[in-house]
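After the structure tokens below, expect a handful of questions from me.
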Protein chains: 4
Amino acid sequence: MFYYILIELTKLRKDDFMYTSKIVVRYAETDQMGIAHHSNYPVWFEVARTDFIKASGISYSDVEKAGIITPLTGLTVRYKQAAFYEDELSIHIKLTRLTPVRLEFSYEVIRENPRALIATGTTSHGMVSKDLVPVNVKKEHPKIYRMFEECMDN
Amino acid sequence: MFYYILIELTKLRKDDFMYTSKIVVRYAETDQMGIAHHSNYPVWFEVARTDFIKASGISYSDVEKAGIITPLTGLTVRYKQAAFYEDELSIHIKLTRLTPVRLEFSYEVIRENPRALIATGTTSHGMVSKDLVPVNVKKEHPKIYRMFEECMDN
Amino acid sequence: MFYYILIELTKLRKDDFMYTSKIVVRYAETDQMGIAHHSNYPVWFEVARTDFIKASGISYSDVEKAGIITPLTGLTVRYKQAAFYEDELSIHIKLTRLTPVRLEFSYEVIRENPRALIATGTTSHGMVSKDLVPVNVKKEHPKIYRMFEECMDN
Amino acid sequence: MFYYILIELTKLRKDDFMYTSKIVVRYAETDQMGIAHHSNYPVWFEVARTDFIKASGISYSDVEKAGIITPLTGLTVRYKQAAFYEDELSIHIKLTRLTPVRLEFSYEVIRENPRALIATGTTSHGMVSKDLVPVNVKKEHPKIYRMFEECMDN
């Protein structure tokens, strides 16, 4: 017997530079309601950000090595339907706002089978140094800023 | 040597029936930024909800035994300052909206020493049966509904 | 730009029916030491069990639908090296003991690049009904038991 | 209405310097079996270590500020009974082995009402610098080592 799972990260539509990460709901992520606990959604969003940034040509590890960290300043989630153990979910992400010191990403969580919109959400981020002081990334790390701009342009 | 920690849950102001739960940031809750990971805040909000509902005279376990579960429909968090390992945090909670089928709670996360507003947030909840069908709690569980009403009235 | 990640679950060696799941260390899984927190390893083991059981021809959701749950009775982990954010890890799993009422799985966590043995471990499980009463799976669910036996035989 | 919870950390028996931390099982810690997920036990052990070290007269934050971190090298858990949402659990901890470069702690998890031994366990730790190089704490940080020794002596 042979078995494999394909987890694919694809650029969905060229014009809005949206990416998709796929995750499978873990048993540890369920709660006694029998559904995926709501605190996992921000973690899944973060998995999608990691993939998105890596897909942009630079890994988030590299961003951190450049001395920039991007702590959340805001989070919103709209839970539409429950997700269940072993559900395969697509996390769509796009960069929806960019300033020299801030980022905002938007997300959609989709179950393919049976197809359903599970949740939508946003995360807002400051860009700061390791001691949590704001960094003007446009000025101080223009290469990284251009990378983010390209994500917006497309 | 003798040592103890007091974790206190108090009604802060009689007129708005606000409660406070205290938590200490766990090592496992930190991330490589050196701060409490943002996905813990919804978990802390939930700890406060558990305490709040228990303080109202009925435990959430009892609510679930009555066949009612309260999955999130919405979550917002505004992160103001980072929280760190071993920080003692007060999670203030109050019930800010109530309909026969919905609840909304509001939260403030405060560090006492040095004093800082760490975060604010809201959670919206449907009230549904165990198979995720909406329940009119006002009609079908008037005792539980009155308990929630009293939390609003005060 | 086009980008994808392949997550593959393969039968490594026919003679010991070992499977491999691949995971990528999530940011939320790191702690302020800058490494993956040790409490994630049992979660990764569980991801491997889910994949392993699914690969055996029946999903763990199906096992639960048959009324059998497999809570842990024992857990051991030997941590050899730290795992870091974005590390791609292979979780090797095999079924190493089987009785009519018990299972034991063994695990190896490997980083491919640079190659290192990150950790080894075991989990022991009882097989019980939903109200936590032991079930003789060999007698009461011979089809599921045979599935486990095949995993041992090979 | 007024309400509070007392969370107490006490030295149980003077002769073995055992400490107790109390935790309440969080909703997020449950899984779809309806019990506390097994991966929370190492987190609870860690809460007890934080309290234990603090009770020894130095906080773990201070240990980290001295440049020493104590990553796990080994973990064992024996799960005896399930723990449930809102259960109040006592985590007993004592230091059971000490060398100049290693620590081992032992744990018992007890539910008081109804009284039951929920789990036992151990954690083994290396003592290393922030770049994960072993430190001879007896030589290089004799004050911290004496603190650990006192925990053993009693």
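With the requirement that a residue be in contact (Cβ under 8 Å) with a residue 40 or more places away in the chain, within 14 Å of A:T123 (Cβ to Cβ) and not β-branched (V, I, T), what does the range A:52-75 give you?
Correct list: A:F52, A:P71, A:L72, A:G74, A:L75.
Is it the case that some residue within the range B:14-23 is at pLDDT 95 or above, under 20 Å from C:E29 (Cα atoms), more than 7 Å from every other protein chain (Cβ to nearest Cβ) and out of contact with any Cys (no Cβ under 7 Å at 6 or more places or on another chain)?
no
Here is a list of conditions, (1) part of a helix (DSSP H, G or I); (2) touching a strand residue (DSSP E or B) at 6+ places or on another chain (Cβ under 6 Å), and C:E64 meets all of them except one; can you say which number that is?
If we test C:E64 against (1) part of a helix (DSSP H, G or I); (2) touching a strand residue (DSSP E or B) at 6+ places or on another chain (Cβ under 6 Å), just (2) comes out false.
For the range C:120-154, enumerate the residues that are β-branched (V, I, T), touching a residue at least 40 places away in the same chain (Cβ under 8 Å) and assigned to a loop (DSSP other than H, G, I, E, B).
Within the range C:120-154, just C:V135 meets the criteria.
So which of B:Y41, B:Y79, B:Y107 is in contact with a Pro (Cβ under 8 Å, 6 or more places away or on another chain) and of a type in the set (F, W, Y)?
Answer to the selection: B:Y79.
Then there's this: If a residue must be crowded, with 19+ Cβ neighbours inside 10 Å, assigned to a strand (DSSP E or B) and among the charged types (D, E, K, R), how many such residues does the range B:86-100 contain?
So the answer is 1.
Contact list please: Cβ distance under 6 Å, first residue in the range C:107-119 and outside any strand (DSSP E or B), second residue of a type in the set (A, V, I, L, M), pairs at least six apart or on different chains.
Close Cβ pairs satisfying both conditions: none exist.
Here is a follow-up. Given the criterion more than 19 Å from B:P42 (Cβ to Cβ) and touching a residue at least 24 places away in the same chain (Cβ under 8 Å), identify the matching residue among A:I35, A:I93.
After ruling out the rest, the residue left standing is A:I93.
Now for a different question. Are any residues in the range A:70-85 within 15 Å of the chain's Cα centre (by Cα), in a strand (DSSP E or B) and not polar (S, T, N, Q), and if so, which ones?
A:L72, A:G74, A:L75, A:V77
I would also like to ask the following. Return the only residue of A:Y107, A:Y145 being modelled with pLDDT under 95, more than 17 Å from B:R78 (Cα to Cα) and either within 15 Å of the chain's Cα centre (by Cα) or crowded, with 17+ Cβ neighbours inside 10 Å (or both).
A:Y145
Follow-up. If I ask for residues that are among the polar types (S, T, N, Q) and over 30 Å from C:I69 (Cβ atoms), which ones from the range D:30-63 would you list?
D:T50, D:S56, D:S59, D:S61
Could you go through the range D:37-56 and let me know if any residue there is part of a loop (DSSP other than H, G, I, E, B), surrounded by 21 or more Cβ atoms within 10 Å (Cβ to Cβ) and either within 10 Å of chain B (Cβ to nearest Cβ) or modelled with pLDDT of 95 or more (or both).
Yes, because at least one residue in the range D:37-56 is part of a loop (DSSP other than H, G, I, E, B), surrounded by 21 or more Cβ atoms within 10 Å (Cβ to Cβ) and either within 10 Å of chain B (Cβ to nearest Cβ) or modelled with pLDDT of 95 or more (or both).
The values are calculated or read from the model by the stated rules, or taken from the named source; none is laboratory data. Note that the structure is predicted; figures quoted are calculated from it, not measured. Ideal geometry is used to build each Cβ from the backbone, glycine not excepted, and the neighbour counts take in all protein chains shown.
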